[in-house]
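Participant: I'd like to ask you about the structure that follows.
The values are calculated or read from the model by the stated rules, or taken from the named source; none is laboratory data. The structure presented is a predicted model; accordingly, all values stated were derived computationally and were not measured. Virtual Cβ from ideal backbone geometry, glycine too; neighbours counted across all protein chains shown. Accessible surface areas use protein heavy atoms only, side chains included; no ligands, DNA or RNA. Shrake-Rupley method; radii C 1.70, N 1.55, O 1.52, S 1.80 Å.
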Amino acid sequence: MAYTQFIDGELTSGAQRESWINYNPATNLPLGEAFHANAQDIDATVASAEKAFHTWRAKTGAERGRVLVKTAEILRSRIEQIALLETQDVGKPIAESLAVDVSSAADALEYFGGIAASIHGDYVDLKNAFGYTRPEPLGVCAGIGAWNYPIQIAAWKAAPALACGNAMIFKPSELTPVSALELAKAFMDAGAPAGLFNVVQGDGRVGAMLVDHPQIAKVSLTGSVATGKKIYAGAAPLLKRVTLELGGKSPLIVFDDADITNAVSAALLANFYTQGEVCSNGTRVFVQRKILNAFLAQLKERTEKIRVGDPADPDTHMGAVISAAHLEKVMSFIDAGKAAGATLLTGGDKPVKDFKGRDISAGNFITPAIFTNCDDAMEICREEIFGPVLSILVFDEEEEVIQRANNSVYGLAAGVFTNDIKRGHRVIHQLQAGTCWINNYNITPIELPFGGNKQSGMGRENSLAAIQYYTQLKSVYVELGNVDAPY
Ligand code: NDP
């Protein structure tokens with residue numbers, strides 16, 4: 001396969017472009033060749049997106065919404081094909097790609113398609129006058145994605161942007177160039193104007209070209225804190241708007257009155273879904289001392305039953321991490337945890353056979369790891385690992401755990417397990433995090449805003465809250481009397 005740019009409704013030529021090989025993380029065999037956008041491609045994509053923007057913004061919200069809803073229907077009708085492409089590209093289990101990745105992309109398109117016709121301003125009654133506001137689109141927006149949820153990230157950015165009347169140029173991670181092209185095709189098949197959703201391929205240099213381009217009005221990134229800081233700085237000279245969905249090291253707090261089975265289920269989901277490569281993961285699991293042994297016994301037993309293996313097998317629970325380099329990074333965190341004195345309760349090794357006895361030694365597999373005897377200062381408890389590594393931290397008092405949970409530069413997510421309804425809310429209200437759960441974890445319905453506080457980012461995706469990040473308000477004063485001039 002060749003993964004080229006998708007500009008003005010079609011795939012462009014890869015000739016005379018820098019290229020790289022895209023690998024399947026489960027086998028490290030090539031999937032295809034991807035072609036880096038050059039400066040001419042960037043100018044062409046911006047010109048095409050501007051043209052589409054002028055056509056698109058002139059449409060009514062209902063007309064725009066219809067295209068988004070149709071795109072969602074097309075994605076759902078192609079779900080098996082796209083889910084398989086995503087699984088081959090990312091290494092995640094096919095059961096997840098089917099149930100979450102493609103479905104949540106379609107959910108976002110349906111949701112924002114549904115509300116496109118209802119985006120409106122306010123009317124303000126004034127003395128002998130009135131005022132009104134118009135939420136107007138920004139223009140051409142850039143979306144820059146991480147590799148863990150490629151089609152979901154593309155849709156979470158495109159759906160609100162397009163619903164508000166903008167055009168979008170999307171750059172997927174160089175590690176996952178595939179599914180954004182499927183989204184682009186679906187938009188075209190749904191009747192979107194050519195250029196409304198373009199895709200450019202390449203590494204951070206292409207991202208930086210989009211950030212620097214004077215005709216791009218806004219940049220929305222899903223990525224690491226380090227990249228977020230670069231993009232924030234890069235957007236500053238032109239005062240471009242940015243939405244930054246960045247990393248985290250989130251706390252999951254389990255009080256001793258919690259339902260232990262539910263809390264363990266959540267801890268597993270919060271650490272091992274998508275091989276642990278989820279930004280909002282609750283990787284610091286704080287357990288109240290009284291239930292520590294019962295919690296650990298169940299956690300270990302259930303972790304060891306996680307079926308690591310071929311991501312294309314519907315029975316697989318956990319696939320391969322994104323690259324050989326990332327696997328080494330995760331392994332080096334595990335070594336650092338051991339060296340710092342934490343106890344590796346289970347996992348953390350590279351399996352040679354999968355749960356059905358198949359040889360998986362060529363892929364980037366790792367068994368889910370649990371560390372106990374951790375303390376807050378350890379690297380494994382401070383840094384985002386972005387792999388299947390869970391750290392257990394023990395606590396005694398509510399005040400203490402709130403302070404320890406907040407002791408992080410990150411503030412993406414947090415979870416609390418307790419059967420005391422008052423305590424649940426009281427604790428959540430004191431946690432410095434943008435996205436929180438009481439008695440569950442990592443549930444991200446399209447109806448609720450998603451995003452981070454502190455260095456985990458700014459702006460919100462999903463829900464009605466996303467609209468303000470893809471529009472600018474115009475205030476209009478209308479005189480009904482005479483102009484009162486003192487001269
Ligand atoms: P990176 O920050 O490395 O990359 C994110 C994207 O930014 C990629 O497309 C990358 O290109 C691009 N990029 C890199 N440098 C620049 C630059 N200077 N200017 C513009 N674009 C640039 O993140 P990863 O892809 O490694 O993803 C993992 C990170 O993403 C984790 O920290 C994770 O927490 C975070 N994340 C946050 C989410 C959220 O919603 N809060 C959700 C999912 C992930 P390329 O990689 O091709 O070089």
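Participant: Considering only residues that are touching a residue at least 24 places away in the same chain (Cβ under 8 Å), farther than 23 Å from A159 by Cα and in a loop (DSSP other than H, G, I, E, B), look in region 455-487 and name the one that is most open to solvent (accessible area, probe 1.4 Å).
Facilitator: Step by step, filter region 455-487, then rank; the result is L480.
Participant: Scan region 264-305 residue by residue and report those that are aliphatic (A, V, I, L, M) and either more than 16 Å from the ligand (Cβ to nearest atom) or over 22 Å from the mean Cα position of the chain (by Cα) (or both).
Facilitator: Matches in region 264-305: V264, A266, A267, L268, V285, V287, I291, L292, A294, L296, A297, L299.
Participant: Continuing with the same structure: Can you name the residue in region 1-28 that is part of a strand (DSSP E or B) and of a type in the set (S, T, Y) and, of all such residues, is surrounded by the most Cβ atoms within 10 Å (Cβ to Cβ)? First the steps, then the outcome.
Facilitator: First, the residues of region 1-28 that are part of a strand (DSSP E or B): 2-3, 6-7, 10-11, 19-24.
When the remaining residues are screened for being of a type in the set (S, T, Y), the result is 3, 19, 23.
On the way: Y3: 25, S19: 15, Y23: 21.
Of everything passing the filter in region 1-28, Y3 is surrounded by the most Cβ atoms within 10 Å (Cβ to Cβ).
Participant: Follow-up question, since we're still on this one. Out of (1) buried (at least 24 other Cβ atoms within 10 Å of the Cβ); (2) away from the ligand (no atom under 16 Å from the Cβ), what's the single condition that is false for T261?
Facilitator: (1)
Participant: Does any residue of region 382-390 turn out to be part of a helix (DSSP H, G or I) and within 27 Å of K92 (Cβ to Cβ)?
Facilitator: There is at least one residue in region 382-390 that is part of a helix (DSSP H, G or I) and within 27 Å of K92 (Cβ to Cβ).
Participant: Among the residues of region 425-454, write down those that are part of a loop (DSSP other than H, G, I, E, B), of a type outside the set (S, T, N, Q) and more than 26 Å from V242 (Cα to Cα).
Facilitator: Of everything in region 425-454, just one residue is part of a loop (DSSP other than H, G, I, E, B), of a type outside the set (S, T, N, Q) and more than 26 Å from V242 (Cα to Cα), namely Y441.
Participant: Can you find a residue in region 97-104 that is assigned to a loop (DSSP other than H, G, I, E, B), crowded, with 20+ Cβ neighbours inside 10 Å and either modelled with pLDDT of 95 or more or not small (G, A, S) (or both)?
Facilitator: No, there is no match, as no residue in region 97-104 is assigned to a loop (DSSP other than H, G, I, E, B), crowded, with 20+ Cβ neighbours inside 10 Å and either modelled with pLDDT of 95 or more or not small (G, A, S) (or both).
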